[in-house]
1. Quick check on my filter: what residues within region 60-88 are loosely packed, with under 12 Cβ neighbours inside 10 Å and in a loop (DSSP other than H, G, I, E, B)?
2. Tell me whether region 104-112 contains one or more residues that are closer than 23 Å to residue 205 by Cβ and either within 16 Å of ligand 1 (Cβ to nearest atom) or not aliphatic (A, V, I, L, M) (or both).
3. Within region 265-295, track down each residue that is open to solvent by less than 40 Å² (accessible area, probe 1.4 Å) and closer than 22 Å to residue 208 by Cβ.
4. Within region 198-208, is there a residue that is in contact (Cβ under 8 Å) with a residue 40 or more places away in the chain, among the basic types (Lys, Arg) and surrounded by fewer than 18 Cβ atoms within 10 Å (Cβ to Cβ)?
5. What are the residues in region 15-36 that are part of a loop (DSSP other than H, G, I, E, B) and farther than 14 Å from residue 204 by Cβ, if any?
6. Would you check if residue 10 is surrounded by fewer than 21 Cβ atoms within 10 Å (Cβ to Cβ) and away from ligand 1 (no atom under 16 Å from the Cβ)?
7. What are the residues in region 94-110 that are farther than 17 Å from residue 83 by Cα, open to solvent by 70 Å² or more (accessible area, probe 1.4 Å) and assigned to a helix (DSSP H, G or I), if any?
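The values are calculated or read from the model by the stated rules, or taken from the named source; none is laboratory data. Since the structure is predicted, the reported quantities are computational estimates derived from the model, not experimental observations. Cβ placement follows ideal geometry from the backbone for every residue including glycine, while neighbour counts extend to all protein chains displayed. SASA here: full protein model, heavy atoms, side chains in, ligands and nucleic acids out. Shrake-Rupley method; radii C 1.70, N 1.55, O 1.52, S 1.80 Å.
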Amino acid sequence: MTKIYQLEFGRKQTGVEDLNLEVEEGQIFGLVGPNGSGKTTTLKLLLGLVFPTSGTGEVLGFPIGHPAYKERIGFLPEGPYFYDHLNAVELLRFYGGLFGLGGKELDRRVQELLELVGMWDRRHIRVRNYSRGMLQRVGVAQALINDPDLIFLDEPTSGLDPLGAMQIREVITRIRDQGKTVFLCSHLLKEMEPLCDNIAILNRGRVVQSGTVDELLAGPQGMYMLRAHTVPQEVVESLRSFATEVRTWDSEIEATFADQKLAAQALEAVVEAGGTVRELSPYRRSLEEVFIDAVGGEAQ
Ligand SMILES: Nc1ncnc2c1ncn2[C@@H]1O[C@H](COP(=O)(O)OP(=O)(O)OP(=O)(O)O)[C@@H](O)[C@H]1O
Ligand SMILES: [Mg+2]
């Protein structure tokens, strides 16, 4: 799909360009990219809130925008806005009502969801008095009110403290473990890396990398990484002769080796010289490195 926004005076702005994505059922799919790269545009296209300039897509087997899938999806928008005179219970009852839910069943569902997002004890507070984190938590509960098969979350942990963010990540994992599909947008790479099954990196409206997290982060086969500190300079120099790469800063050293044998040899040399080993592990790139490589200096 391609989405070109028409601005005033005939100017145009690309939202996404030749977007080609496939998300499998039952996975957590993460769309990552810098600000303005087209994450929210992608969500809005899939939700049928904006229309593609060209191309097509399907959600749960229906063409995008088709009413048939809308009752089977949930959506947490970026910076959600809710009626601020409602409290959490009233708000969820309102959204449940939109899906035709009511009575005892809805009461049960409301309590279950507010407990899930850690808002049950604060259920009587009105939205106008919410902190940013409370708004986000209730937003996630709202997106789950209809027990959707597929849930779209735009920056779900934005504005949350570390504990709150962790709770939301647990909720997301739990939803996936129930067999549901989660489509997530975020630029918080550290958070996406352990959470997602598959990731696509967007830059300037285009997918520049995609795959399973393991595929994206795998280093060359068999390679090992050694991290240590306070290693004498001459030992660092000797490591350079058989390491693939050696990086140093302050008193830290990080070296990669083509195989386990070379890594073991380096380990011995470091220990022998009185250096302190921090880590020896199969080499894996961080999502941050992959992202910077993919996006380079040309992020918007
Ligand atoms: N309604 C709109 N009208 C015109 N341009 C728009 C509109 N919505 C988005 N854009 C433009 O499309 C591009 C992609 O925006 P989008 O909101 O999809 O990015 P994003 O990846 O969600 O960014 P962020 O991380 O900041 O949320 C941006 O250049 C943006 O200015
Ligand atoms: Mg956005």
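1. Across region 60-88, the qualifying residues are 61, 81, 83, 85.
2. no
3. Hits for region 265-295 are 286, 287, 290, 291, 294, 295.
4. Initially, region 198-208 is screened for residues in contact (Cβ under 8 Å) with a residue 40 or more places away in the chain, giving 198-208.
Still in the running and among the basic types (Lys, Arg): 204, 206.
Subsequent filtering for residues that are surrounded by fewer than 18 Cβ atoms within 10 Å (Cβ to Cβ) retains 204, 206.
There is at least one residue in region 198-208 that is in contact (Cβ under 8 Å) with a residue 40 or more places away in the chain, among the basic types (Lys, Arg) and surrounded by fewer than 18 Cβ atoms within 10 Å (Cβ to Cβ).
5. Step one: of region 15-36, the residues part of a loop (DSSP other than H, G, I, E, B) are 17-27, 33-36.
Those that are part of a loop (DSSP other than H, G, I, E, B) and farther than 14 Å from residue 204 by Cβ: 20, 21, 22, 23, 24, 25, 26, 27.
6. On the way: surrounded by fewer than 21 Cβ atoms within 10 Å (Cβ to Cβ): yes; away from ligand 1 (no atom under 16 Å from the Cβ): no.
In short, no.
7. 104, 105, 107, 108
Listed here are the residues, each with its yes/no results for (1) assigned by TED's automatic domain parsing to the domain that holds residue 166; (2) at pLDDT 95 or above; (3) touching a Cys at 6+ places or on another chain (Cβ under 6 Å); (4) more than 20 Å from residue 180 (Cα to Cα).
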position	(1), (2), (3), (4)
86	yes, yes, no, yes
90	yes, yes, no, yes
102	yes, no, no, yes
111	yes, yes, no, yes
118	yes, no, no, yes
124	yes, yes, no, yes
132	yes, no, no, yes
136	yes, no, no, yes
149	yes, yes, no, no
